[in-house]
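K.L.:
Got a structure here, written out as structure tokens. Questions coming.
The values are calculated or read from the model by the stated rules, or taken from the named source; none is laboratory data. Please read all numbers here as calculations on a predicted model, not as lab measurements. Cβ: placed from backbone, ideal geometry, glycine included. Neighbour counts: every protein chain shown. Side chains included, ligands, DNA and RNA excluded: accessible areas come from the protein's heavy atoms. Shrake-Rupley method; radii C 1.70, N 1.55, O 1.52, S 1.80 Å.
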Amino acid sequence: MAHTPSASYKAYANRLASYGYAVVQYDTALGTIITDNVELQFMQLVLDNLKAQATASSSSSPLAGRLDFSVLAVAGHSRGGKLAALQLATSPAVKAGYLIDPVDNTIFSPESALYPSAVKALAAATPRRVAGVSGAKIPSLCNPPDANYEKFYAALGSGSWLQVGVPVTVATVTAWMEQAVRGRPLPAEFTAWVNQKAQEGSTASNYRTFANRLASYGYAVAQYDTAMGTIIVDIVELNFLQQVLNGLASKAATSSRIDTAKLAVAGHSRGGKLAALQLAGSYVSPPPMAAYLVDPTVAAYLVDPIDNTMFSPEGPTYPSAAKALAAAVPLRKAGISGAGISSSCNPAGTNYPRFYDALATGSWLTVLPQSTHVAFTSSLAGLLGFCGFGRTSSSETIAITAAAMTGWMQSNVRGTAVPAQLTSYLNSKVQAGTITFAVRP
């Protein structure tokens, strides 16, 4: 469903068809404006036609006996997304919907009997409907902020997806349909893409809150970026920290102001794994990798770290950080913040418990039961839904983790007491049930 010709959306239709879906598109006379209440009747006309063909004899219809009308799904872009939402909200026969940058009532189609509000229809539906939504980051006259995807997503039920400003919507629509219509796991190609985005998508600026908090306590914080879209194997990226330190030492403005005898590392996701490898030091296997490690690394904070997965299986270029920590003598201490909600982005068996189990007595573990893997950085909001759903916002997740990280560094780098304001803040979050906190016995 859309204002533009159906041929403009052929990529979506072809992708769904390649997974075995029967896809129907329709066109209206170009330039003709049809009110919502009229166009909503089109789907029934389409269905009636298809049912006639599906029940006809095989000699008269190629669709005879080949269509399952018990699992109908709708999708649309712009006003087509609105029409799909109205169908989802009001038609019991529609089991799933995907809304591509949907637009509700605007100055060109004010709410009325001719143009009912899809957002209100979704909000009134019992039970709440579940759908996938893709939205454009940049609002305009075409998708004004008071009528765009955010309003639709807010009216949907738990389990709905939201993808903002991330490409490959064609793959997303297919993945949603596989899960919502057929109840199947996400396609491997799509899961691989999400994990790649999780590795590519964050830049140093997306972790600025952590850096700023540490800097406010007098720490010199260095971050680095890699070329966007480039996947660098562990054995290569481990060398980057030494290059950063060499660069700082070569600058007169910084060389005399940094105490390189007290180095600490921190990272999120695979960055947490790299920080763990640095902390483990010479116990990293294979032995040649030890040449890349900075010694001594006296402290580390791991933010929802991930060890080897199906996308980075253990091997010479991707050593296991958990195994390296477990082999270290003496065992290393570290602080960890972990997402309570696991998903294909931080699969169970590779995520934070694997690291915590390999650490020494005195290590910290802060678990955020209602945080997802991407909640630790706002840069990956476009992957909301693919990495799980939680009630703790990204801003609160980051604030809690920044406080825990700073407290850990104060205690383990400087050997001072955790600041009272940080302790009070974290205790309040424990009492509210937002986090759990443990010290490894």
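K.L.:
Within the range 324-343, track down each residue that is over 26 Å from Val374 (Cβ atoms) and not hydrophobic (A, V, I, L, M, F, W, C).
P.N.:
Residues satisfying the conditions are Pro330, Arg332, Lys333.
K.L.:
Going residue by residue through the range 400-416, is there one that turns out to be of a type outside the set (Lys, Arg), surrounded by fewer than 15 Cβ atoms within 10 Å (Cβ to Cβ), modelled with pLDDT under 95 and farther than 30 Å from Ala175 by Cβ?
P.N.:
Within the range 400-416, one or more residues are of a type outside the set (Lys, Arg), surrounded by fewer than 15 Cβ atoms within 10 Å (Cβ to Cβ), modelled with pLDDT under 95 and farther than 30 Å from Ala175 by Cβ.
K.L.:
Does the range 112-168 hold any residues that are within 18 Å of Val374 (Cβ to Cβ) and either touching a Cys at 6+ places or on another chain (Cβ under 6 Å) or of a type in the set (Val, Ile, Thr) (or both), and which are they?
P.N.:
Scanning the range 112-168 gives Val133, Val164, Val166, Val168.
K.L.:
Considering only the range 305-346, state which residues are in contact with a Lys or Arg (Cβ under 8 Å, 6 or more places away or on another chain) and not in a loop (DSSP other than H, G, I, E, B).
P.N.:
Ala321, Ala322, Leu325
K.L.:
Another question, then. In the range 136-152, how many residues are open to solvent by 60 Å² or more (accessible area, probe 1.4 Å) and closer than 19 Å to Ala125 by Cα?
P.N.:
Looking only at the range 136-152, we keep the residues that are open to solvent by 60 Å² or more (accessible area, probe 1.4 Å), and these are 137-139, 141-142, 145-146, 150-151.
Now narrow it down to the ones that are closer than 19 Å to Ala125 by Cα: 150-151.
Selection size over the range 136-152: 2.
K.L.:
Among the residues that make up the range 127-134, is at least one of them among the β-branched types (Val, Ile, Thr), surrounded by fewer than 17 Cβ atoms within 10 Å (Cβ to Cβ) and either part of a loop (DSSP other than H, G, I, E, B) or modelled with pLDDT under 90 (or both)?
P.N.:
Taking every residue of the range 127-134 in turn, none turns out to be among the β-branched types (Val, Ile, Thr), surrounded by fewer than 17 Cβ atoms within 10 Å (Cβ to Cβ) and either part of a loop (DSSP other than H, G, I, E, B) or modelled with pLDDT under 90 (or both).
K.L.:
If a residue must be in a loop (DSSP other than H, G, I, E, B) and at pLDDT 95 or above, how many such residues does the range 361-372 contain?
P.N.:
4
K.L.:
Against the conditions (1) modelled with pLDDT of 85 or more; (2) within 23 Å of Tyr9 (Cβ to Cβ); (3) touching a Lys or Arg at 6+ places or on another chain (Cβ under 6 Å), where does Gly165 fall short? Just the number, please.
P.N.:
(1)
K.L.:
Hey, another quick one. Kindly state which helices (runs of 4 or more DSSP H) lie completely within the range 1-109 and contain at least 3 residues that are closer than 16 Å to Ala131 by Cβ and either open to solvent by 60 Å² or more (accessible area, probe 1.4 Å) or among the aliphatic types (A, V, I, L, M) (or both).
P.N.:
Ranges flagged: 79-90.
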